[in-house]
Every structure is written in structure tokens, then in C-alpha cells.
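Worksheet: one structure, shown below.
The values are calculated or read from the model by the stated rules, or taken from the named source; none is laboratory data. From a predicted model like this one, the values you see are computed outputs, not experimental measurements. Cβ sites come from the backbone with ideal geometry, for glycine too, and all protein chains shown count toward neighbours. Accessible surface areas use protein heavy atoms only, side chains included; no ligands, DNA or RNA. Shrake-Rupley method; radii C 1.70, N 1.55, O 1.52, S 1.80 Å.
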Amino acid sequence: MIRTINRSINNINKKIGLDLTISMPSKELLAFNEKTNTVIAVACVSVGVLASSKVLFGLGVVAGIGAGVSHIEKKKL
């Protein structure tokens with residue numbers, strides 16, 4: 001999925017005339033992103049439950065989804 005999105009954005013940049021290319025992330029970068037999102041997800045969900053904050057709980061869920069996507073993309077590389 002990352003490859004497809006990067007190719008599409010790079011093609012649009014060429015058509016517009018921008019001299020900007022998006023590089024592919026490495027496995028190490030995706031692993032770091034996965035771990036960071038997991039820590040943020042656990043912290044936000046925990047604080048959201050303890051403080052009865054729907055916003056923090058929601059942010060934690062979104063961070064958890066991001067960690068899952070990073071994990072899947074890391075396996076594909």
C-alpha cells in the first residue's frame with residue numbers, strides 16, 4: 001500500500017512540476033513507528049479510561065490502528 005501511494009504522489013508531483021520525490025521507508029523506520037504508536041495507544045487508552053475522556057480514548061484507538069498498519073506494512077517489505 002505504501003508503494004502504491006508513494007508512486008501516485010510522485011506521479012502527481014511530476015505532472016504538477018514539483019521536483020520532490022517521496023522515498024520508501026525502511027523496515028527499521030516502520031518498526032520504530034510501530035513501537036511508538038503502540039506506546040502512545042496504550043497511554044492514551046489508559047488515561048482515557050481512567051479520566052473518562054472520549055477524546056483520549058479515541059486517539060488511543062487511532063494510534064493502535066496506526067501501529068497495526070505499520071506492522072502489516074513492515075511484513076510486506
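Over the residues of the chain, the helix contribution to mean residue ellipticity at 222 nm works out to -28000 deg cm²/dmol, using -39500 (n - 2.57) for each DSSP H run of at least 4. Extension gain for residue 50 to residue 62 (0.36 nm times residue separation, less C-alpha to C-alpha distance): 2.5 nm. How much of the pair distance distribution for the chain lies past 16 Å, counting alpha-carbon pairs only, in percent? Distances greater than 16 Å cover 59 percent of the Cα pairs.
Determine, for the chain, the count of lysine pairs separated by eight or more sequence positions (or lying on different chains) whose alpha-carbon distance falls under 19 Å.
So the count of such lysine pairs works out to 7.
Relative to the Cα centre, the charge distribution of segment 1-76, modelled as +1 at Lys and Arg Cβ and -1 at Asp and Glu Cβ, gives a dipole magnitude of about 280 debye. Surface composition of segment 1-76: carbon and sulfur atoms hold 69% of the protein heavy-atom accessible area at a 1.4 Å probe.
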